[in-house]
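J.: Have a look at the structure that comes next, please.
The values are calculated or read from the model by the stated rules, or taken from the named source; none is laboratory data. Keep in mind that this is a model prediction, so the values were computed, not measured. Ideal geometry is used to build each Cβ from the backbone, glycine not excepted, and the neighbour counts take in all protein chains shown.
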């Protein structure tokens, strides 16, 4: 385990930024967001989670994927150049780290999404352990340890120091590259980190959603859940605003649009939402014409369809963003509880 004084973090950030793009949480207009680090930015180390997850560092909210133009009677396709180097993402919470693996199962499966792959494959993920969760957190429901999250490197803050533990070969190479900035942790430091983890777990055990469980959900529950009358009652209040999908770190729906720029056609990809009534609209209409069907689709995908195709892994990481942001509180927690997923 390595350590660095918090007062030297900007020295580390500056060294990283000389080699590659560094993205980390910063405070911006009263909110915490992931931002490309520049001199003068302060790492929002005390903020629990960003408004939006860092997924758009790999799956941007909007991106140009191709250009077309006409020369005489021929159409010329101008491919968009793929990113050539990865980035370092610092301060990722355990829930958001797991969301990357949820997205990997989608975008790195055949046929591979080359845009996502190019951004993801050479990037380093440095996670930050949680010590002060919010009441909307329920990541442990999905098997995440927020006090010791996965990633290439995991960090803990203890008093005036930050400790770094290697989790992957990529993480080992990262720490070796900046070895001059770190010092070796001592045996007493390891004890202090373990104590921080222990105390944090005591807090997590007392959260309002600590007893939330996925019991009764999974890849074999389609027939049992699909026609349940509870969906009608649950969906009645839903506004179809799509807020839940845009703050969700695992939602992967997108739309493709062509725009005439005057001298070429620009093909762009942008996030979309299965909660919108025109989602996947075709000439004959839409396959899910009612709000109940759209509402059911979102949660069946996260709790049934996705685990059916991904070895039981759920497409929710318990970050609680939808709990915080849904204007009518028809979030995934309400769905899980309605079907009995609560030990209380």
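A quick yes/no check of all residues on (1) surrounded by fewer than 21 Cβ atoms within 10 Å (Cβ to Cβ); (2) under 26 Å from residue 272 (Cβ atoms):
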site: 72; (1), (2): yes, no
site: 76; (1), (2): yes, no
site: 99; (1), (2): no, yes
site: 106; (1), (2): yes, yes
site: 114; (1), (2): yes, yes
site: 126; (1), (2): no, no
site: 144; (1), (2): no, no
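J.: Right, something else. Going by what's in this entry, would residue 48 be described as assigned to a loop (DSSP other than H, G, I, E, B), in contact (Cβ under 8 Å) with a residue 60 or more places away in the chain and assigned by TED's automatic domain parsing to the domain that holds residue 190?
T.: Taking the combined requirement at face value, the residue satisfies it.
J.: Just give me the residues in region 62-104 being part of a helix (DSSP H, G or I) and closer than 16 Å to residue 121 by Cα, in sequence order.
T.: Within region 62-104, 97, 98, 99, 100, 101, 102, 103, 104 qualify.
J.: Go through region 254-279 and count every residue that is in a loop (DSSP other than H, G, I, E, B), surrounded by fewer than 17 Cβ atoms within 10 Å (Cβ to Cβ) and in contact with a strand residue (DSSP E or B) (Cβ under 9 Å, 6 or more places away or on another chain).
T.: Of the residues in that region, 3 qualify.
J.: Checking residue 246 against (1) in a helix (DSSP H, G or I); (2) out of contact with any strand residue (DSSP E or B) (no Cβ under 7 Å at 6 or more places or on another chain); (3) not assigned by TED's automatic domain parsing to the domain that holds residue 33, which test does it fail?
T.: Against the list (1) in a helix (DSSP H, G or I); (2) out of contact with any strand residue (DSSP E or B) (no Cβ under 7 Å at 6 or more places or on another chain); (3) not assigned by TED's automatic domain parsing to the domain that holds residue 33, residue 246 comes up short only on (2).
J.: Condition first: under 17 Å from the mean Cα position of the chain (by Cα) and within 18 Å of residue 190 (Cβ to Cβ). Now tell me which residues in region 129-146 satisfy that.
T.: Result: 129, 145.
J.: Also, quick follow-up: Of 165, 185, which residue is in the same structural domain as residue 98 (by TED's automatic domain parsing), touching a strand residue (DSSP E or B) at 6+ places or on another chain (Cβ under 6 Å), buried (at least 16 other Cβ atoms within 10 Å of the Cβ) and at pLDDT below 95?
T.: Criteria check complete, one pass: 185.
J.: Examine region 217-226 for a residue that is out of contact with any strand residue (DSSP E or B) (no Cβ under 6 Å at 6 or more places or on another chain), under 30 Å from residue 2 (Cβ atoms), without any contact (Cβ under 8 Å) to a residue 60 or more places away in the chain and assigned to a helix (DSSP H, G or I), and state whether such a residue exists.
T.: no
Matching residues to (1) surrounded by 19 or more Cβ atoms within 10 Å (Cβ to Cβ); (2) within 24 Å of residue 243 (Cα to Cα):
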| residue | (1), (2) |
| --- | --- |
| 45 | no, no |
| 49 | yes, yes |
| 54 | yes, yes |
| 60 | no, yes |
| 64 | no, yes |
| 68 | no, no |
| 79 | no, no |
| 82 | no, no |
| 90 | yes, no |
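J.: State the number of residues belonging to region 105-120 that are assigned to a loop (DSSP other than H, G, I, E, B) and either touching a residue at least 60 places away in the same chain (Cβ under 8 Å) or within 16 Å of the chain's Cα centre (by Cα) (or both).
T.: 1
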